[in-house]
Amino acid sequence: MKNPQRFREFVARFSALAEAGGSDERRVLDEGGRLLAGLVSHDDWLPEEFARESAQSYRQYLLYCDPRERFSVVSFVWGPGQTTPVHDHTVWGLVGVLRGAEICREYAPHESGKPMRRVGEHRVLPGDVDKVSPTIGDVHLVANALPDRPSVSIHVYGANIGAVSRHVFDEATGAVTPFISGYHNVVMPNFWDRSAEVRMSLQKR
Ligand code: FE
């Protein structure tokens with residue numbers, strides 16, 4: 001973690017955005033999307049523990065949660081060949097790729113008793129940001145596009161996403177299963193130890 005200040009600045013700016021425009025979803029997605037694009041265009045700040053893949057399934061690590069749970073920031077790690085199920089979010093979300101490449105496959109809203117209908121698919125590369133929400137399209141699947149390497153993305157959601165009650169859909173039948181993702185970490189990264197900078201500035205005096 002060479003540049004933890006990138007993440008500190010991102011959180012500070014996102015907090016200001018939540019304060020000023022938190023109820024305006026379009027503004028949060030536009031301005032927040034630009035903030036996230038800035039964060040994920042540099043791969044020099046995420047501690048390795050929070051970029052670690054697992055052979056079992058993709059990982060979801062909580063990096064920060066706003067004290068009022070207006071937003072949360074998560075790192076997602078896909079091993080080769082790993083994919084999420086088709087799922088919804090029920091809140092706005094921003095998906096920024098930090099490392100590798102991902103496939104995002106979008107679906108039309110669920111219709112009871114019908115198979116899920118694909119409406120789009122695209123590849124997302126480092127620095128790219130994808131957006132989801134119940135108003136602009138909320139159902140998708142995300143997969144690692146690389147067969148031989150992990151991919152890592154940073155997501156921001158308009159809630160404490162690990163505790164949000166949402167849904168997973170069976171692509172072929174449209175069957176709905178309740179889904180609460182939780183997080184794979186119990187300890188969060190420390191981006192706020194600025195003691196080395198303060199000591200350096202004292203030595204220079
Ligand atoms: Fe998602």
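Details
- Per residue accessible area in Å² of the chain, where ligands, DNA and RNA are left out and the probe is 1.4 Å: 51 Å²
- In summary, the aspartates and glutamates within cross-link reach of Lys131, defined as a Cα separation below 16 angstrom excluding same-chain residues under 8 places away, comprise Asp24, Glu25, Asp30, Glu31, Asp88, Glu102, Glu106, Glu121.
- Sulfur and carbon atoms: percent of accessible area, the chain [1.4 Å]: 51 percent
- Net charge over other residues, Cβ less than 15 angstrom from the Cβ of Gly22 (K, R count +1; D, E count -1): -2
- Note on the chain: Rg/Rh from C-alpha atoms, Kirkwood Rh, equals 0.99.
- Straight-distance crosslink candidates among aspartates and glutamates, where the alpha carbon sits under 19 Å from Lys2 and sequence neighbours closer than 8 are dropped: Asp43, Asp44, Glu48, Glu49, Asp193, Glu197
- For the chain: relative contact order, % (alpha-carbon pairs under 8 angstrom, 6 or more apart): 24 percent
The values are calculated or read from the model by the stated rules, or taken from the named source; none is laboratory data. In this text, all values refer to a predicted model and were calculated from it rather than measured experimentally. Cβ: placed from backbone, ideal geometry, glycine included. Neighbour counts: every protein chain shown. Calculation scope for accessible area: heavy atoms of the full protein, side chains included, ligands and nucleic acids excluded. Shrake-Rupley method; radii C 1.70, N 1.55, O 1.52, S 1.80 Å.
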